[in-house]
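Below is one structure, written out as C-alpha cells; the observations come after it.
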Amino acid sequence: MRKIIHVDMDAFYASVEQRDNPELRGKPVAVGGARERGVVAAASYEARKFGVYSAMPSVTARRKCPDLVFVKPRFEVYREVSQRIREIFRSYTPLVEPLSLDEAYLDVTENLMGIPSATEVAKQIKARIKEQTQLTASAGVSYCKFLAKMASGERKPDGLFVITPAKGAAYVEALPVGKFHGIGPATEAKMHRLGIRTGADMKEKGLEFLKANFGKSGPYYFNLSHGIDQRQVRPHRIRKSAGAENTFFENVRSFEEARDRLLPIVAKLWRYCEQSGVRGRTVTLKVKYADFEIITRRRTETTPIETQAMLEQLSLALLGTVFPIPKQIRLLGITLSSLNEDRDEEEDDDETAEDEQLRLVL
C-alpha cells in the first residue's frame, strides 16, 4: 500500500499576481488577455465567486464580472516560483511527478525525512510552501494517485483531505462520474446514457460491460469503481505530444464559426508550451463531425514553432483544407508533436484514445 500526496497550488497564477501587487488583493483578478478573443488562464477566488474560471473567453468573463481586473501572464515568474516549490517536494522524496507548474504527485511511502505519516508530510509541505512563497496549497493524501487527486480538491483553498484505504471504495461509489479526473463532458454524457451516474453505477455494470462500451479504458474504470489505481508516481516522463480540444455545445457550420472556436484552443495549447518551455514542429488538426466521424490533417515544419501567431497560422491553414465541410462539426482539436525536449506529464489512462488531449470546455 503506497502513500501518495497530490499537491495543487490554489489559483496559482492569480495568487502570484496578488502576492506581488498588493493593489490586487481582495479583488477579482483574471490572468490572461483582455482582448475580445482573449482567454482566461487563471482566476482568483474572488473572481470565481462570479463564475469566472480558466479557459473562459475573456468577453464572457467580463460580462460575468464587470469589475474583473485582467493581468498579463508572467510565466517566467510562475516558473521560478514553481521551481522553489518543487525543491520543497524533493527535500521529502525523489519520487515527484510534476503535472504542471502548479501541481504534482509525491510518493512518500519511504520519504527522506523518515516520517511515517503521509498526512504529517503533507502538513509540513503546505507550511513550508506558505513560509517560503507566501502562497497556499491544497493537498490530498491517499493510497493511490486517483484518490489523492480527488482529495486535493475537496477543501480548497488551503485544504488538506485524507482518503484512507478503508474509505476509498465508499468514496468512489458516491462520486458522480463527472467529477472523476479524466472523464470529460463527452464521456460523462455517454455514461449517463448508459445509466452510469456514480462510481456505484460504474461498479455495478461490471468489467465486460465497461470494456464493451469504453474499450481500453474499460478495465481502468472498473478498477477505479473499486477504489483501485495501480499507476505509480513516475518522476521522469517522456511527453511525445501536447494538445487541446473542445467539444462544442452547438455544432459548427461555417469556416468563420470554426475559426472563432479554434483560436481559443490554440491559445490554451500555447499557454502550456509557454509554461513548460516545450516547442514542436508538427501541428495536427483533429475534426470530429456530428456523426462522430474523426479526420485529421497534419503539417510538419523544418524548425520548431516559436510563436503563438505561427501556431495560429498553421492551425488555420489546416482548418482551411477541410472546408467546405460535408457535415457539421462537433469537436476541434490541435496537437503539437515532435517536441524539442522531454517533459513530465500525467498519463491519463482513464481517457479514451480520442480524448487524450488537454481538455478545453467553453
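Could you please let me know if Ala104 is on the phi < 0 side of the Ramachandran plot and in contact with a His (Cβ under 9 Å, 6 or more places away or on another chain)?
Yes: the conditions hold for Ala104.
Looking for whichever is part of a strand (DSSP E or B) and either of a type in the set (Gly, Ala, Ser) or not assigned by TED's automatic domain parsing to the domain that holds Ala43 (or both) here; the options are Phe161, Phe146. Which one fits?
Values: Phe146 fails: part of a strand (DSSP E or B).
Testing whether each residue is part of a strand (DSSP E or B) and either of a type in the set (Gly, Ala, Ser) or not assigned by TED's automatic domain parsing to the domain that holds Ala43 (or both) leaves just Phe161.
Under 7 Å by Cβ, and 6 or more places apart or on different chains, what pairs join a residue from the range 186-214 that is buried (at least 16 other Cβ atoms within 10 Å of the Cβ) with one that is outside any helix (DSSP H, G or I) and not β-branched (Val, Ile, Thr)?
Close Cβ pairs (under 7 Å, with a partner that is outside any helix (DSSP H, G or I) and not β-branched (Val, Ile, Thr)) amount to Thr198/Leu175; Thr198/Pro176; Gly199/Leu175; Asp201/Gly195; Lys203/His226; Asn213/Leu194.
The rows are residues; the columns are (1) more than 22 Å from Glu245 (Cβ to Cβ); (2) touching a helix residue (DSSP H, G or I) at 6+ places or on another chain (Cβ under 7 Å); (3) hydrophobic (A, V, I, L, M, F, W, C).
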{"residue": "Glu154", "(1), (2), (3)": "yes, no, no"}
{"residue": "Asp158", "(1), (2), (3)": "yes, no, no"}
{"residue": "Thr164", "(1), (2), (3)": "yes, no, no"}
{"residue": "Ala189", "(1), (2), (3)": "no, no, yes"}
{"residue": "Arg193", "(1), (2), (3)": "no, no, no"}
{"residue": "Arg197", "(1), (2), (3)": "yes, yes, no"}
{"residue": "Lys203", "(1), (2), (3)": "yes, yes, no"}
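Please verify whether Asn251 is among the polar types (S, T, N, Q) and surrounded by fewer than 21 Cβ atoms within 10 Å (Cβ to Cβ), treating the condition exactly as stated.
Yes: the conditions hold for Asn251.
Conditions: (1) part of a loop (DSSP other than H, G, I, E, B); (2) of a type outside the set (Ser, Thr, Tyr); (3) more than 17 Å from Ile334 (Cα to Cα). Met202 meets all but one. Number of the miss?
(1)
Within the range 220-309, considering only strands (runs of 3 or more DSSP E) that don't extend past its boundaries, which have at least 1 residues that are touching a Gly at 6+ places or on another chain (Cβ under 6 Å) and either modelled with pLDDT under 90 or farther than 30 Å from Glu110 by Cα (or both)?
241-252, 282-289
Considering only residues that are touching a Ser or Thr at 6+ places or on another chain (Cβ under 8 Å) and closer than 12 Å to Val71 by Cα, which ones fall in the range 1-16?
Residues satisfying the conditions are Ala14, Ser15.
I need every pair where a residue in the range 146-166 that is under 22 Å from Ser15 (Cβ atoms) has its Cβ under 6 Å from the Cβ of a residue that is loosely packed, with under 14 Cβ neighbours inside 10 Å, sequence separation at least 6 or different chains.
From residues that are under 22 Å from Ser15 (Cβ atoms), the pairs are Phe161/Arg155.
Which fully enclosed helices (runs of 4 or more DSSP H) of the range 27-94 have 1 or more residues being small (Gly, Ala, Ser) and over 18 Å from Leu263 (Cα atoms)? Steps first, please.
Details: elements: 45-48, 58-64, 75-90.
Per the criteria, 45-48, 75-90.
So which pairs qualify, if the first residue must be in the range 246-264 and over 13 Å from Lys288 (Cα atoms), the second must be at pLDDT below 95 and polar (S, T, N, Q), the Cβ gap must be under 8 Å, and the two must be at least 6 apart or on different chains?
Close Cβ pairs satisfying both conditions: Arg261/Asn246; Pro264/Asn246.
I'd like to check something: does the range 124-137 contain any residue that is within 17 Å of the chain's Cα centre (by Cα) and either farther than 30 Å from Leu331 by Cα or assigned by TED's automatic domain parsing to the domain that holds Gln18 (or both)?
yes
If you check Gly215, Gly199, Gly184, Gly153, which single one turns out to be small (Gly, Ala, Ser) and assigned by TED's automatic domain parsing to the domain that holds Leu99?
Of Gly215, Gly199, Gly184, Gly153, the one residue that is small (Gly, Ala, Ser) and assigned by TED's automatic domain parsing to the domain that holds Leu99 is Gly153.
Does Lys268 satisfy the condition of being within 16 Å of Pro185 (Cβ to Cβ), assigned by TED's automatic domain parsing to the domain that holds Leu318, within 17 Å of the chain's Cα centre (by Cα) and not polar (S, T, N, Q)?
yes
So which residues in the range 253-273 are out of contact with any Asp or Glu (no Cβ under 9 Å at 6 or more places or on another chain), of a type in the set (A, V, I, L, M) and more than 11 Å from Leu319 (Cα to Cα)?
Across the range 253-273, the qualifying residue is only Leu269.
Can you find, within the range 160-185, the residue that is surrounded by the fewest Cβ atoms within 10 Å (Cβ to Cβ) among those that are of a type outside the set (D, E, K, R) and closer than 9 Å to Ser225 by Cβ?
The selected residue is Ala169.
Inspect the range 254-261 for any residue being of a type in the set (Lys, Arg), buried (at least 16 other Cβ atoms within 10 Å of the Cβ), closer than 30 Å to Thr282 by Cα and assigned by TED's automatic domain parsing to the domain that holds Ala317 and give the result as yes or no. Please lay out each step first, then the result.
Going residue by residue through the range 254-261, those that are of a type in the set (Lys, Arg) are 259, 261.
Now restrict to residues that are buried (at least 16 other Cβ atoms within 10 Å of the Cβ): 259, 261.
This time we only want the ones that are closer than 30 Å to Thr282 by Cα, so: 259, 261.
Remaining after also requiring assigned by TED's automatic domain parsing to the domain that holds Ala317: 259, 261.
Looking for residues that are of a type in the set (Lys, Arg), buried (at least 16 other Cβ atoms within 10 Å of the Cβ), closer than 30 Å to Thr282 by Cα and assigned by TED's automatic domain parsing to the domain that holds Ala317, one finds at least one in the range 254-261, hence yes.
Filtering the range 63-84 down to residues that are without any contact (Cβ under 8 Å) to a residue 12 or more places away in the chain and closer than 16 Å to Leu135 by Cβ, which residue is surrounded by the fewest Cβ atoms within 10 Å (Cβ to Cβ)?
Taking the candidates together, the pick is Gln83.
The values are calculated or read from the model by the stated rules, or taken from the named source; none is laboratory data. What you are looking at is a predicted structure, and each value in this text was computed from that prediction instead of being measured. Cβ sites come from the backbone with ideal geometry, for glycine too, and all protein chains shown count toward neighbours.
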